[in-house]
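The numbers here are math on the coordinates, done by the rules we state, and not lab data. Quick caveat: nothing in here was measured; it's all calculated off a predicted structure. Don't worry about glycine lacking a Cβ; one is built from the backbone with ideal geometry, like all the others, and counts go over all protein chains shown.
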């Protein structure tokens, strides 16, 4: 799938699908950052010997890690997680992706 097809599906199909569950999941904020075609991306990648850019980055905000775990631990949360995973298989190659929990430090 091209970057454009990925970003279109992600924004116009997956995002509304996710948002239909967001409140039940305790989501505080959902951000999609779509990679753009820019010579600057190529220059950064080449000058720093970096891996190719992802097509985008998602930020899903929760009150805390514990709140996320609690939401995902319920039967309904597990069903939602599976539905989201099933939809993600339509546009994400998880073997070439990454996911991680972070603490934000605003400076």
Checklist outcome for this item: Taking Cα atoms, the helix 15-25 axis meets the longest principal axis of the chain at an angle in degrees (rounded to 10) of 40
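How much FRET efficiency would the formula 1/(1 + (r/R0)^6) give for residue 5 and residue 51, where r is the Cβ-Cβ distance and R0 is 22 Å, rounded to 0.05?
Values: r = 21 Å, r/R0 = 0.96.
The computed FRET efficiency comes out at 0.55.
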Checklist entry - In degrees, nearest 10, range 0 to 90: what is the angle between the Cα axis of helix 75-88 and the longest Cα principal axis of the chain? => result 20
Next on the checklist: If a paramagnetic tag sat 7 Å from the Cα of residue 91 along the Cα-Cβ line, which residues of region 36-79 would have the backbone N under 13 Å from that point?
Outcome noted: 55-58
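Report Rg(Cα)/(2.2 N^0.38 Å) for the chain, keeping two decimals.
1.21
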